[in-house]
Amino acid sequence: MLIGIIGKTNVGKSTFFSAATLVDVEMANRPFTTIKPNRGVAQVRTHCACKVLGIEHSGCIDGVRFIPVELLDVAGLVPDAHLGRGLGNKFLDDLRQADVFVHVVDASGSTDAEGRFVGEGARDPLEDIKFLEIEIQEWLKSILSRDWVRVCKLAEQSGAENINAIHEKLSGLGFSKRSLEVALEETGLAKKKLSTWNDQDMTAFSIALRQAKPFVVAANKADLPNSSANIERMEKEVNAPVIPVIAEAELALKRAARRGLISYTPGDSKFEITSKNIPPQLASALSRLSDLLEKFGGTGVQQTLEAAIFTAYQGIVVYPVEDMNAFSDKNGNVLPDAIIMKSGSTPVDLARMIHSDMAKGYLYSIDAKTKQRVASDYLLKDGDVIKIVFS
């Protein structure tokens, strides 16, 4: 899984990234602090299948499984980024393979469209969401329309259906064939001859493509005075999960935990001080953090990652095993892997996720819980434990 951290410049994207991954990156209150993309690994939580199976293993903590996901923090957007302004083209190209986006927004409205500080409440965060959606759809449109005449000629010469021609054209953007089919159906373009598509058709299809890339909004700086009212409006008007976030608080808590000063599990609404030698100034800071956690029920960083995977992306967790009686791999490791799949995936998709050769030689699968074979088009469910048989 790859989560793309997106947003305009200077809204706290890199702070969110560092808070989620503990990868140290440059952070500053100025535009374009991030130039090269930063990569790191975070974790999302889910209920482990071991509880349902009545078994114990070392891969979870009290029945909670932590699954690694990759995060990509890219340079911030400015208006007309799709035309190459700022670092726009690089920003957008870096996001080609992201499965889901986390759009970090300055909920306090303190930075203008260019990322310059203009004072709290001076900017409507909803405008930032709208402008980013437009930039992504225009970028998709520019890629789609590039060499369009040649694409049309090749499709007509080969007799290829629209879906196959477009799938080949957009193969580098990470869209599944099914998502392209849905976009064609929604726009009524599935049967329309490619050479007759006009600019409106291109725009409509690009909007449908943009919507095929799910996202959540990380309403950062949620603790500032103007943020609460802005978050309420975003929750009503944005067609995506909106999570109040205090990225700086999460980063401070994780750094304190790394130093052994506190015991803190990401996503929790409280922490425990474990050190007896904390200076008064640090103790005061920890007290403020404790108050924030109590007020907001957490910093929102972990909740955002999990909303991105399990709500926006509609992810499910599947456990592949080799020994369906011991629920283990060939070395006896119980439930060794937890794989995030998109809802609607099949055992063949799972085989392909594990290894391309497994998918090529796929024979059948067995539900390890029931010991029954499942069809190749069986729709996997969250918590399924699956043995794949292949040649």
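The values are calculated or read from the model by the stated rules, or taken from the named source; none is laboratory data. Quantities reported herein were computed from a predicted structural model and do not represent experimental measurements. Here the Cβ positions follow ideal geometry from the backbone for every residue, glycine too, while neighbour counts run over all protein chains shown.
Got at least one residue in region 313-325 being of a type outside the set (A, V, I, L, M), touching a Phe, Trp or Tyr at 6+ places or on another chain (Cβ under 9 Å) and modelled with pLDDT under 95?
No, region 313-325 contains no residue that is of a type outside the set (A, V, I, L, M), touching a Phe, Trp or Tyr at 6+ places or on another chain (Cβ under 9 Å) and modelled with pLDDT under 95.
Only one of these is assigned to a loop (DSSP other than H, G, I, E, B), surrounded by fewer than 22 Cβ atoms within 10 Å (Cβ to Cβ) and of a type in the set (A, V, I, L, M, F, W, C): ALA240, ALA285, ALA257. Name it. Before the answer, list the steps.
Details: ALA285 fails: assigned to a loop (DSSP other than H, G, I, E, B); ALA257 fails: assigned to a loop (DSSP other than H, G, I, E, B).
The match here is ALA240.
Give the residues of region 100-154 that are free of Cβ contacts under 8 Å to residues at least 24 places away in the same chain, of a type in the set (Asp, Glu) and not in a helix (DSSP H, G or I), sorted by residue number.
Once the filter is applied, which keeps residues that are free of Cβ contacts under 8 Å to residues at least 24 places away in the same chain, of a type in the set (Asp, Glu) and not in a helix (DSSP H, G or I), region 100-154 yields ASP112, ASP147.
Checking ARG96 against (1) in a loop (DSSP other than H, G, I, E, B); (2) touching a strand residue (DSSP E or B) at 6+ places or on another chain (Cβ under 6 Å); (3) under 15 Å from GLY4 (Cβ atoms), which test does it fail?
Evaluating ARG96 over (1) in a loop (DSSP other than H, G, I, E, B); (2) touching a strand residue (DSSP E or B) at 6+ places or on another chain (Cβ under 6 Å); (3) under 15 Å from GLY4 (Cβ atoms) leaves (2) as the failure.
May I ask you to say which residue of VAL182, VAL216 is β-branched (Val, Ile, Thr), outside any loop (DSSP other than H, G, I, E, B) and without any contact (Cβ under 8 Å) to a residue 40 or more places away in the chain?
Going through VAL182, VAL216 in turn, the sole match is VAL182.
Please find, within region 271-282, the residue that is nearest to ASP223 (Cα to Cα) out of those that are not hydroxyl-bearing (Ser, Thr, Tyr) and not in a helix (DSSP H, G or I).
Among those that are not hydroxyl-bearing (Ser, Thr, Tyr) and not in a helix (DSSP H, G or I), it is PHE271.
Among the residues that make up region 147-164, is at least one of them in contact with a His (Cβ under 8 Å, 6 or more places away or on another chain), at pLDDT below 90 and over 28 Å from ASP106 (Cβ atoms)?
If we filter region 147-164 for residues that are in contact with a His (Cβ under 8 Å, 6 or more places away or on another chain), which is where we start, we get none.
There is no residue in region 147-164 that is in contact with a His (Cβ under 8 Å, 6 or more places away or on another chain), at pLDDT below 90 and over 28 Å from ASP106 (Cβ atoms).
Criterion first (over 20 Å from the mean Cα position of the chain (by Cα) and closer than 21 Å to CYS60 by Cβ) does GLU306 satisfy it? First the steps, then the outcome.
Numbers: over 20 Å from the mean Cα position of the chain (by Cα): no; closer than 21 Å to CYS60 by Cβ: yes.
Taking the combined requirement at face value, the residue does not satisfy it.
Wholly within region 325-391, which strands (runs of 3 or more DSSP E) include no fewer than the required count, namely at least 3 residues that are over 23 Å from the mean Cα position of the chain (by Cα)? Full working, then the answer.
On the way: elements: 339-342, 362-367, 372-374, 385-390.
By residue number, 362-367, 372-374, 385-390.
Given the conditions (1) over 20 Å from ALA98 (Cα atoms); (2) not assigned by TED's automatic domain parsing to the domain that holds HIS103, which single one is not true for GLY174?
(1)
Could you say which residue among LEU72, LEU83, LEU53 is more than 24 Å from LYS381 (Cα to Cα) and either buried (at least 17 other Cβ atoms within 10 Å of the Cβ) or modelled with pLDDT of 70 or more (or both)?
LEU72
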